[in-house]
Amino acid sequence: MVSITETCRDLSELTAAAQLACRLLFQECYKAGITDIFITETYRSQARQNYLYEQEHPRVTWTKSSNHTSRRAWDIAVAPPKNLYDLNILKKVGAIAKKLGITWGGTWPASQYDAPHFEIPANWQLPAGYKLEGTIIVPSNSKLRVQLIVSDKGQAIVGVNDGKLYRVQSGTFKTQAQANAAKAALGKHNIANPDYVRVVQDGSAWRFITGTYQTLQVANNAITEMKRLGILQYAEPVPS
Ligand SMILES: [Zn+2]
């Protein structure tokens, strides 16, 4: 039982239609060049909704009847260095949502205005002309970026349902100290928990191997971040 003060950011807690809608929204945002948005809340228990309703400071909800409890709503925010609720970005996301039949809380009247909030009606369906074009990474923290991974060359995209976990294995570093520095950088940038990163000798060189990621996509996402931050040039995800 999740505490009423804790937020749930798990997309899989939403209805199948809402998961699809949310992924589609993030995909279309990605294609529009918006990659610095992330999920801050999905499902809320009615107990948590009631708790939030009672809060005056900060006032986070105007209703006891929210589609978060119906598993049809999600909230987003914008990653640094932009403001958490950068209205310029949220308006762009809202405009994309409108095209997809997704309701944006930024269109609601002043008393209900909720710019980070998105939801679908109970009868929402995939709008004509749209589909998921690959595996879309929907970040649930500000460190990760929205990604669209399109499988090609027959490469399998493996989801969490097959029960496999993935580690990231680095290419080799010349010294153990370099591998240890990379390990420390993974922790500093929240890409991997150093407690679970092993530095191992490989012949005369050294590698690091992370702890497990739940999906290949998340592992690949971590690799992208490692490369972007210059922690390493080469790495590969390996099932474990
Ligand atoms: Zn909301």
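Rule-based calculations on the coordinates, nothing more; no lab input. Note that this is a predicted model, so its numbers are computed, not measured. No Cβ is skipped: glycine too gets one built from the backbone with ideal geometry, and neighbour counts run over all protein chains shown.
Over the C-alpha atoms of the chain, the Rg to Rh ratio, Rh being the Kirkwood estimate, stands at 1.02. For the chain, the residue among S140, T172, N220 whose Cα projects farthest onto the positive side of the dipole built from Cβ charges is T172.
The length gained by stretching the chain between N50 and A16 to full extension, at 0.36 nm per residue less their Cα-Cα distance, is 9.8 nm. Of the residues H117, H189, the one with the fewest other Cβ atoms within 10 Å heads the list, and the complete ranking is H189, H117.
Counting every pair of alpha carbons in segment 11-149, the share spaced more than 28 Å apart comes to 12 percent.
Starting from segment 71-132, pick out the trypsin sites (Lys or Arg not before Pro) whose DSSP state is loop and whose Cβ has at most 12 other Cβ atoms within 10 Å. Taking segment 71-132 and a limit of 12 other Cβ atoms within 10 Å, the loop trypsin sites (Lys or Arg not before Pro) found are K131. Sorting L100, L24, L186, L229 from the fewest to the most surrounding beta carbons within 10 angstrom yields L229, L100, L24, L186.
Summing Cβ point charges (Lys, Arg +1; Asp, Glu -1) relative to the Cα centre of segment 1-159 gives a dipole of roughly 320 debye.
Taking label points 7 Å from Cα along the Cα-to-Cβ direction, A110 and N193 give a separation of 4.7 nm. FRET efficiency for the V60 to S204 pair, using the beta carbon distance and R₀ = 41 Å, is estimated at 0.15. With contacts taken as Cα pairs under 8 Å at a separation of at least 6 residues, segment 11-149 carries a relative contact order of 32 percent.
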